[in-house]
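Take a look at the structure set out below.
The values are calculated or read from the model by the stated rules, or taken from the named source; none is laboratory data. Quick caveat, the model's predicted, so the values are computed rather than measured. Positions of Cβ are generated from backbone atoms using ideal geometry, with glycine treated the same way; all protein chains shown enter the neighbour counts. What goes into the accessible areas is simple: the full protein's heavy atoms, side chains included, and nothing from ligands, DNA or RNA. Shrake-Rupley method; radii C 1.70, N 1.55, O 1.52, S 1.80 Å.
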Amino acid sequence: MFYLGYDVSECEKYHRQFSNNEITHDEWCEITEKKFIEAGCNRKHLKLLAQRVKLVEDVETVIYDLKAKGIMLYILSGSIKQYIEYVLGPAISKCFTEIKANRFTFDDQGNLEGIIGTPYDFEGKAKFVNKIINEKGVIAKDILYVGNSFNDEFVYTTNVETLCINPRGTDFYNNKIWHNYIRKMESLKEILPYVYDT
């Protein structure tokens with residue numbers, strides 16, 4: 001994110017402060033918002049960043065197939081909703097029932113005005129999963145939660161099946177948190193045995 005004026009080391013510093021309860025998630029978003037606005041972040045920058053992302057193989061095929069089989073798909077992310085939608089493209093994005101993430105607000109010229117923080121990050125991810133279980137009347141073990149980082153770890157408390165892929169900053173060997181893992185996933189097809197086994 002240095003391209004947007006926010007060095008990774010700074011992000012890690014604020015994450016540590018958040019983890020140590022020195023700042024709230026909203027305060028973290030406010031700091032990030034200020035950094036991005038000072039750097040002149042705009043919608044164009046976000047689209048350019050998204051164009052640099054290379055998805056793993058077979059994303060389109062797998063997502064379309066799961067959607068066609070009536071499987072409800074959700075994204076819970078600590079990233080930016082518009083960024084996720086730019087990376088996936090409109091057709092794949094529409095396959096998801098909901099995408100929950102932080103949101104950028106822009107002015108008429110496309111310049112960043114603010115960040116609306118998602119309540120569904122870290123512990124909030126578990127709250128959202130429980131909300132789905134209760135609202136849809138599904139059995140927890142029939143849900144597969146796919147994550148890759150420390151902000152996904154709280155979801156194990158919901159009793160859903162968890163799968164860690166391409167882990168970053170989380171102990172994927174911890175089978176209390178992660179029931180299964182794919183250490184280096186190159187194709188999204190690799191998750192299918194876990195999807196159909198839940």
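Descriptive notes on the structure:
- Here the condition is being open to solvent by less than 30 Å² (accessible area, probe 1.4 Å) and either among the hydrophobic types (A, V, I, L, M, F, W, C) or within 17 Å of Gly114 (Cβ to Cβ) (or both); of Val59, Val87, it holds for Val59 alone.
- The set of residues in the stretch 92-102 that are in contact (Cβ under 8 Å) with a residue 12 or more places away in the chain and either closer than 22 Å to Leu188 by Cβ or surrounded by fewer than 17 Cβ atoms within 10 Å (Cβ to Cβ) (or both) comprises Ile92, Cys95, Phe96, Thr97, Glu98, Ile99, Lys100, Ala101.
- Some residue of the stretch 181-198 being open to solvent by less than 30 Å² (accessible area, probe 1.4 Å), of a type in the set (Phe, Trp, Tyr), out of contact with any Gly (no Cβ under 7 Å at 6 or more places or on another chain) and part of a loop (DSSP other than H, G, I, E, B): no
- Just so you know, in the stretch 39-56 the residues that are surrounded by fewer than 11 Cβ atoms within 10 Å (Cβ to Cβ) and of a type in the set (D, E, K, R) include one that is nearest to Asn111 (Cα to Cα), and it is Lys44.
- Yes/no for Asn159 being on the phi > 0 side of the Ramachandran plot, open to solvent by 30 Å² or more (accessible area, probe 1.4 Å) and either touching a helix residue (DSSP H, G or I) at 6+ places or on another chain (Cβ under 7 Å) or in contact (Cβ under 8 Å) with a residue 60 or more places away in the chain (or both): yes
- Near pairs, Cβ below 6 angstrom, 6+ apart or cross-chain, from the stretch 58-74 (under 19 Å from Ile133 (Cβ atoms)) to any residue that is among the aromatic types (Phe, Trp, Tyr) and part of a loop (DSSP other than H, G, I, E, B): Leu73/Phe96
- Selected residue (only one of Phe154, Phe172, Phe150 is open to solvent by 50 Å² or more (accessible area, probe 1.4 Å), out of contact with any Ser or Thr (no Cβ under 6 Å at 6 or more places or on another chain), more than 22 Å from Leu66 (Cβ to Cβ) and aromatic (Phe, Trp, Tyr)): Phe154
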